[in-house]
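A short worksheet on the structure shown next.
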Amino acid sequence: MTKGMLTVCTLLTMLGVIVGGVFEVATAAEIKLTYNNYFPPTHRMAKLGAEFCQEIEKRANGRVKISYFAGGTLLKAPQVFDGVVQGIADIGMSNLAYTRGRFPEMELCDLPFGCPSGWVSTKMVNEFYKKYQPKGFEKAHMLYFHACGPNIIYTASVPVKKLEDLKGLTIRGTGRIADTVEALGATSRPIDMAEAYESLSRHVIAGVMGPMEMLKGWRTGEVAKFATNCWKVGNVYTFFVVMNKNKYNALPSDIKKVFDEVSAEWIDRHAIGWNEIDIEGREFFESKGGKLIQLSDDEAARWVEAVQPVLKTYTQDMVSKGFDAKTTEERIGFAQKTVTDLTKEQAEKGVKSPYLE
């Protein structure tokens, strides 16, 4: 090999190193993440998760790529938080009721406060977290919370027109919602929501306690014949969206800002979204011939009175865990006042809800 040929080879080798280096830098600059959502792909909450990913990618100018898995592909609902901490998924959405006792302070938001809509409950749970910073989420990075509309009771064959009608019925309810089911006089059964349709159609359970959106979003309106609009009880399911802490901390500052800004905006997206799909759920249910039962003011007051022990039980549970009773009661008072204030704000803004009659 001639001296000239050696020089060319050397230059090519150097160029290859440089090109390789550039390629490695470019590859490292693309941040690849995964997002697990247990909602089925067609559900609005799954679609909002997908849109969250798309908005992050858009604002990051292609520097972030998020692979999105709906339907619990990577993690089922009860495993989401630990799975995100362990890095099985980098981002995940689930709700508190699937891991009762794991986040006891935040579970307060699932108590029967009379939330009239998902708009009110979503804003309330975020204000509660912002004010008290409840423990339990430290191993992950919190992106945001949201919450569904008030849980009502819908049944496959037995119309529930008064409290006494619930006696002897088995109703699907998980977490603190199960306590509300029991307080109303029924027997709770904490089955996975993905199993609710079949369980209801086969009469394994008599009914479900959940928001109106389930009637369409989980198709239970195809098998439920009656729905009791007991919204004044107003307990909800609180959802969280978390990110692996190490992955978030490793992000460049400008990308962190993108995640923070989009998360804040998605609180409102979910708030409106819950109201909209509750309206759709009611319309779907009625289109299938379902009958919506409205409680009289006197009967609704009986239901509200029946669930008051749930608040006392929660306080006792917190005391048994080492929390102060007075502090817990003050937090309950904050949540109740926030619900009242937001209910007024919802009316002033003309936000539609299918529950108010």
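The values are calculated or read from the model by the stated rules, or taken from the named source; none is laboratory data. Computed from a prediction, not measured in an experiment: that's the story for all the values here. Every residue, glycine among them, receives a Cβ derived from its backbone with ideal geometry; neighbour counts consider all protein chains shown.
Annotation note: Cβ proximity below 8 Å between a residue of the range 339-354 that is within 16 Å of D278 (Cβ to Cβ) and a residue that is of a type in the set (G, A, S) (sequence gap 6+ or interchain) occurs for Q346/S117; Q346/S353; V351/S117; S353/S117; S353/G149; P354/G149; P354/G281. Considering G333, G290, which residue is of a type in the set (G, A, S) and under 17 Å from G114 (Cα atoms)? None of the other options fit; the residue is G333. Checking E286, E280 one by one, the residue that is buried (at least 16 other Cβ atoms within 10 Å of the Cβ) and either part of a helix (DSSP H, G or I) or at pLDDT 95 or above (or both) is E280 and no other. Considered as a group, the residues in the range 81-103 that are surrounded by fewer than 20 Cβ atoms within 10 Å (Cβ to Cβ) and among the charged types (D, E, K, R) include one that is modelled with the lowest pLDDT, and that residue is R100. Any residue in the range 225-237 that is farther than 22 Å from I177 by Cα, modelled with pLDDT of 95 or more and assigned by TED's automatic domain parsing to the domain that holds V307? No, there is no match, as no residue in the range 225-237 is farther than 22 Å from I177 by Cα, modelled with pLDDT of 95 or more and assigned by TED's automatic domain parsing to the domain that holds V307. Elements of the type helices (runs of 4 or more DSSP H) sitting completely within the range 184-256 and holding at least 2 residues that are crowded, with 24+ Cβ neighbours inside 10 Å: these cover 214-217.
Taking the range 112-138 as the range and being under 16 Å from the mean Cα position of the chain (by Cα), surrounded by fewer than 24 Cβ atoms within 10 Å (Cβ to Cβ) and under 27 Å from S353 (Cα atoms) as the test, the residues that pass are N126, E127, F128, Y129. When G333, G289, G281 are screened for being small (G, A, S), closer than 30 Å to E164 by Cα and in contact with an Asp or Glu (Cβ under 8 Å, 6 or more places away or on another chain), only G281 passes.
Yes/no matrix, rows are residues, columns are (1) among the polar types (S, T, N, Q); (2) at pLDDT below 95; (3) crowded, with 19+ Cβ neighbours inside 10 Å:
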position: G21; (1), (2), (3): no, yes, no
position: G49; (1), (2), (3): no, no, yes
position: F52; (1), (2), (3): no, no, yes
position: V64; (1), (2), (3): no, no, yes
position: Q79; (1), (2), (3): yes, no, yes
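Scan the range 37-69 for residues that are outside any loop (DSSP other than H, G, I, E, B) and over 15 Å from the mean Cα position of the chain (by Cα) and the total you get is 14.
Within the range 23-38, being of a type in the set (A, V, I, L, M, F, W, C) and at pLDDT below 95 holds for F23, V25, A26, A28, A29.
Quick check on G173: is it surrounded by 23 or more Cβ atoms within 10 Å (Cβ to Cβ) and closer than 15 Å to A97 by Cα?
Numbers: surrounded by 23 or more Cβ atoms within 10 Å (Cβ to Cβ): yes; closer than 15 Å to A97 by Cα: yes.
Judged against the criteria, G173 is a match.
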